[in-house]
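Structure first, then comments.
Each value in this text was obtained by applying a stated rule to the coordinates, not by laboratory testing. Here the structure is a predicted model, which is why all the values come from computation and not from measurement. In this analysis, Cβ positions are derived from the backbone assuming ideal geometry, glycine residues included, and neighbour counts consider all displayed protein chains.
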Amino acid sequence: MNGYSKHEIIGCDRCGTTFECKANSFTRCQCSTVPLNLNETQYISEQFDGCLCAKCLLQLQQEFAEQIK
């Protein structure tokens with residue numbers, strides 16, 4: 001069995017909350033519950049390198065929406 005089959009417990013790059021990263025099973029990962037468009041994804045990736053929890057993704061999505069009004 002290779003090392004990619006296990007889910008990893010990681011900390012959110014923004015708030016530090018730990019969650020289970022399921023990058024190898026993306027449709028079951030908590031981040032897949034936040035649909036981001038290309039501009040939102042770029043905005044977030046310019047600020048953070050690592051994974052973010054769904055709560056932070058939603059907050060950043062809202063923050064981006066406020067900036068483009």
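Computed quantities for the displayed model
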| read-out | value |
| --- | --- |
| Selected residue (criterion: surrounded by the fewest Cβ atoms within 10 Å (Cβ to Cβ)) from residues of the range 41-69 that are closer than 17 Å to C12 by Cα and of a type in the set (V, I, T) | T41 |
| Pair list, Cβ under 6 Å, 6 or more apart: the range 33-55 residue in contact (Cβ under 8 Å) with a residue 24 or more places away in the chain, other residue β-branched (V, I, T) | C51/I10; C53/T17; A54/T33; A54/V34 |
| The range 13-51, residues that are within 18 Å of F64 (Cα to Cα) and outside any helix (DSSP H, G or I) | D13, R14, C15, V34, P35, L36, N37, F48, D49, C51 |
| Output for the range 23-40, where each listed residue is buried (at least 16 other Cβ atoms within 10 Å of the Cβ) and over 11 Å from the mean Cα position of the chain (by Cα) | E40 |
